[in-house]
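Reviewing the structure listed below.
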Ligand code: UDP
């Protein structure tokens, strides 16, 4: 049998198709396209079950999550767009994506954030005996995360961890270290688009069964950076919470990102209407 390392992308997808199709692939009703990005229409529980099946199906798989800023970034960055298109699962990290789905006439069951899946996968990994590797954030943050997780989940198998500050030419050795650790799951918290690109380029080399890009989650779960209160999360205002904490770094990202997101969704709505009118005219 070929090792996961030597599998091509096509083979990876073929590996998925060994399992019953309804378990691993999305039917048209199970996805919503937002500005050219396929978003899986799954609840949080369904996402976890899908991941569990991916883990046991063989090969290497990955999941990405999207918010308004990432959708806009992907519309201008073909590498990011390709990494999202190749992901086995993509879910809505931001409420804006759930609202956008409604505006284009579709419904997403719920928001499925990277940080929530991260925390619930840690519980499942503890229960199943899957080993985990943490890649990303500053050294003190990833250390604090590991310390906190050892206290919270004493039976969690931690294969290793590494901070997310390294040069591109070190990627091979980082992926090699993950491979040698024999980790089953890999969590990458290097911000976007770095984490999506890194996973896309190094997944096979790292040889993990499943990888997930989790943005700033190590900083939050370690307890170093507070997450927005639940009401702000529900109201789709998590970005505002972050903006208030780090206005200088983030104002441009959110002002430009959120405005362009509205523009992209308006474009999709108008195109959908024009296409429907054209079809009505032809019939
Ligand atoms: N980060 C990293 N390597 C880098 C840049 C950032 O590991 O080269 C980490 C950073 O320390 C933080 C995380 O990536 O923990 C998320 O960063 P950011 O808030 O910029 O990303 P977002 O969550 O908005 O995608």
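Scan segment 34-47 residue by residue and report those that are over 15 Å from the mean Cα position of the chain (by Cα) and free of Cβ contacts under 8 Å to residues at least 60 places away in the same chain.
The answer is 36, 45.
Just give me the residues in segment 180-200 being more than 21 Å from the chain's Cα centre (by Cα) and surrounded by 14 or more Cβ atoms within 10 Å (Cβ to Cβ), in sequence order.
181
Under 7 Å between Cβ atoms, at least 6 apart or on separate chains: pull out the pairs that start in segment 129-142 with a residue that is at positive phi and end on any residue that is near the ligand (Cβ under 8 Å from one of its atoms) and not in a strand (DSSP E or B).
Between residues of segment 129-142 that are at positive phi and residues that are near the ligand (Cβ under 8 Å from one of its atoms) and not in a strand (DSSP E or B), the close pairs are 136/164; 136/190; 136/195; 136/218; 137/163; 137/164; 137/218; 137/219.
Which helices (runs of 4 or more DSSP H) does segment 58-110 wholly contain that include 1 or more residues that are in contact with a helix residue (DSSP H, G or I) (Cβ under 6 Å, 6 or more places away or on another chain) and under 20 Å from residue 194 (Cβ atoms)?
68-76, 78-86
Return yes or no: is residue 188 assigned to a helix (DSSP H, G or I), within 11 Å of the ligand (Cβ to nearest atom) and in contact with a helix residue (DSSP H, G or I) (Cβ under 6 Å, 6 or more places away or on another chain)?
no
Go through (1) more than 16 Å from the ligand (Cβ to nearest atom); (2) more than 16 Å from residue 114 (Cα to Cα) for residue 230 and report which single condition fails.
(2)
So, in segment 207-227, exactly how many residues are touching a strand residue (DSSP E or B) at 6+ places or on another chain (Cβ under 6 Å) and either within 13 Å of residue 133 (Cα to Cα) or more than 15 Å from the ligand (Cβ to nearest atom) (or both)?
7
The numbers here are math on the coordinates, done by the rules we state, and not lab data. What you see is a predicted model; the values in this text were computed from it and never measured. FYI the Cβ positions are ideal-geometry reconstructions off the backbone, even for glycines, and counts take in every protein chain you see.
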